[in-house]
Amino acid sequence: MLGLGSYAGDGEQDDGESDESGEEEEEEDEDEDEEDEFEFNEEYEDGGITNIYPGTGDADVDGVGQHSGTQIKIDGMTWGGCSVAQFATVRVLVSCLRCTHDEEAAVSRHRSFESECKKCSKEVRIRLRPDVLHSNNSSAGYLDIEGAKASQILPSDFWVACSDCGAETKFTGARAGTRGSEPCRTCYAALAFGFSGGRLEEVRVAASKVASAGRSAARDSAGKKVKMMMPDGLLEGTPLPDQGACKHFRRSRRWLCFPCCGRSYPCPACHDEKVAGEHEAEWATRMICGYCSREQVI
């Protein structure tokens, strides 16, 4: 049998060892907690807490910081209780390169969009490399699109950072010509965000390739300067296709912006043909000029 003194002595030795082992276990627990948090971030759940990334895109997407793809620009931003924003989900109207069928695509800032054309089954892949919107930057990021081309920006979701506490609040369904308001989900301060218009500009050549190509990239064989190709999407300052005319209204010089789906078409008949009975057209209150592609109130 062990005496009380022996038991106490053993207990004191065990306490010293247990203290050291306890510290080691706490360090191991902290390491495991950090690993668990890292794994959670890898799996990713877009909670909008301090997830606004500086620069163009996140580290897991190739081509970060490259001026390539389809650039998204947001014009006429207005702020209230906030000063920075970023796409949570951008919704765009894309046309299949094979059959020109139009479909909507919703692309998250952390996930790639993969689908097939409902008409010809061509694969379509889209990635979003988001940028930070603020008063001195109107570039919302870049879309890398395979198998289709983007033509219009539809009502989309934004994360907006509170100026008081820095927490992010989601503004859902934000569209051009409107100003939304939401309370901050942390400090309940009043937040407001809006913009007058959005546009897509296709970057034909990456900036690094233009630099390596030299001056010949912007000149023809005779050494004369050549005009850059027009982007596939709507570009403000340039005319619409056929200056806005269609087979139903050949003298029309505008496209109508339909609030029912956020898309723009030359006339209600064109809308009904494209949506193929998905919904009824609502009365349009905004239009895109056929001469300059500027969106405005009717």
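Summary table
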{"quantity": "Qualifying residue in segment 153-168 (condition: farther than 21 Å from A105 by Cα, modelled with pLDDT of 95 or more and surrounded by fewer than 17 Cβ atoms within 10 Å (Cβ to Cβ))", "calculated": "no"}
{"quantity": "Cβ pairs under 6 Å, 6+ apart, first in segment 146-169 and free of Cβ contacts under 8 Å to residues at least 24 places away in the same chain, second among the charged types (D, E, K, R) and in a strand (DSSP E or B)", "calculated": "E146/R125"}
{"quantity": "Entirely in segment 187-298, the strands (runs of 3 or more DSSP E) that have 2 or more residues that are in contact with a His (Cβ under 9 Å, 6 or more places away or on another chain) and at pLDDT 85 or above", "calculated": "none"}
{"quantity": "Count - residues of segment 248-294 that are of a type in the set (S, T, Y) and at positive phi", "calculated": "1"}
{"quantity": "Pair list, Cβ < 6 Å and 6+ apart or interchain, from segment 67-88 residues that are surrounded by fewer than 17 Cβ atoms within 10 Å (Cβ to Cβ) to residues that are of a type in the set (K, R)", "calculated": "T78/R179"}
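The values are calculated or read from the model by the stated rules, or taken from the named source; none is laboratory data. The structure displayed is predicted, hence computed values, not measured ones. All Cβ positions, glycine included, derive from the backbone under ideal geometry; neighbour counts span all protein chains shown.
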